[in-house]
Amino acid sequence: MVTSAPVSVITLLKLVPSRVPASDPVGPTGQDKAGAAASPEGLQAFPVLQGATHNTYQRLAWQALTELRDAVGKYGLGSAEVMQVLHSFNASLLTPFDIRSLARALFPPVEYDFFENKWTQLAVRAVERNMTLGPGDPRCMVNIDMLMGTGNYTRAKGQAGYEPLVQEQCQQTGMAALAQTLQLATPQQPFATIVQGIDEPFLCFAGRLTAAVVKQVSEARKLMIQSIAQGNCNAACKRIIETLPREPSMLNMVGACAKFGKRDAEREGEMRADTNVSASAPTNGDVLSRLAASTRGSAGVDVCTAESVVIDSDKIHKVPLDAFGPLGDGMSAFLMGRSSATIQGIIVHLGLIDADFSGQIHAMVSTPTPPLTIPKGTRIAQLVPFKSSVSRTEDRLRGDGGFGSTGPPQVHWTAVLTKDRPETLCTVSMVGATPSEIHLRGLLDTGADMSILSLAAWPPQWPLTLAKTSISGLGGTKQCYVSRNPVAITNPEGQTAIIWPHVTEIPQNLWGRDVLAAWGVRLGTDF
């Protein structure tokens, strides 16, 4: 604090002496204990006293700071008692050193860091405003260190020598930061208890949360709101937010939830009346006998989603439906999208449900406008039953296999013809032989009537017999052998051809048309 002659004394506080370690001649706030002890009145809170000619600095009494801290412990940080003491302090002229001493007495480390951060913000703004002042105003030369008492301006006595306008600005910024931090640090409603209601719009929830967190310092406030909003929002909004880019802003979250929440509500309103069983009770088998059509002339029955799904890209997604096969009465069915779902951007690709399918029915779904949330129980598709008239079938059941799980592989080996010769590595096996199988790389040769293997690669233990005819086209006429036993040639896709290969002295194994035909190889320009 500051004194001068003549002086006008401002309120003193009667306080209990504090205990300061004897090894420190100056207390944490800079209080000179020796000078205070010499005073006949004991420790003073201050005042800062202004005179007509010059100011003299007096340190804050450690006793006053102790009483302030005791009041915080007894009544709470934001209590009326604590605020009354601070108002008494603020009635006198305080230096940045004094304000920082008050903050250390009030706040634990985390809140104190917030205070320093807030003070820095206010000081920066004050310096920016000072730049617009005229050259005769002493504040136009003030920098942040002067306002905060940092850098080259840490000495309290030097701060007491500031021009009156500068001293006033120092106190205004420092006490404003202290008051705001005090307000922010006052216990409020626990953030974890602010949870979005099931039917509450995300915007309303974000407003309540923002109002509760608004008392946090601005740097931490933004991240805190975003983090709590993502953790405490309802399941539907959480699925939407998870599809947004990493660390979305509150504005992005509000926009996405409003957009897709509205779309879901419109979709629900435009859907026809419920025509199936409850979504919570899956229909296991005999689906057609359990579901009812919406009208007397309906060609199909509706099925709904078994769980909430987020379509986060324009790729096709496999969406489980609340229905299980078999359909019943030997019926098969087309699975197709409902027109109301298509209007809302939900594209259900045509599917076929066989009569002997016994697993959960899935739909192939995509959207041109991701991300899109499809809530559980949404009727997006319908089953259009029919009686199969296929006359010849294999004697086996599909069971719960789906999406092309029966029959041979549907995707085969494909090679682009270039200057390099098309080759493939195959497994060659002979039952009862030693070794039972070998692996040979050979050239795919559509000009060879039969497959021809190199004599050097043929296992000596595998029996051969002299071929009755010779083979031409191998740089002349060569004597050939033929395998006595059938040999299985299996390609990398698992397709097998059973042949009696010819064996002769050639540098390259040739997979001829006998093998290629058995594999189902086709030649073409576009598949």
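Points to keep in mind about this one:
- Taking a ≥ b ≥ c as the square roots of the eigenvalues of the Cα gyration tensor, segment 423-519 is oblate, since a/c reaches 1.5 or more and a/b is not larger than b/c.
- Pairwise centroid distance, computed over Cα atoms, of segment 491-512 with segment 140-164, Å: 93
- For residue 144, neighbours were defined as the other residues whose beta-carbon sits under 11 Å from its Cβ, and their charges (Lys and Arg +1, Asp and Glu -1) total -1.
- Annotation: the residues 305, 424, sorted from fewest to most other C-beta atoms within 10 Å of their own C-beta, follow the order 424, 305.
- 511, 519, 462, 119 arranged by Cβ crowding within 10 Å, fewest neighbours leading: 462, 519, 119, 511
- Ordered by the number of other Cβ atoms lying within 10 Å of each residue's own Cβ, fewest first, 314, 420 fall into the sequence 420, 314.
Quick note: the coordinates plus some simple rules give every number you see, no bench work behind them. These numbers come from a predicted model, not from an experiment. Ideal geometry is used to build each Cβ from the backbone, glycine not excepted, and the neighbour counts take in all protein chains shown.
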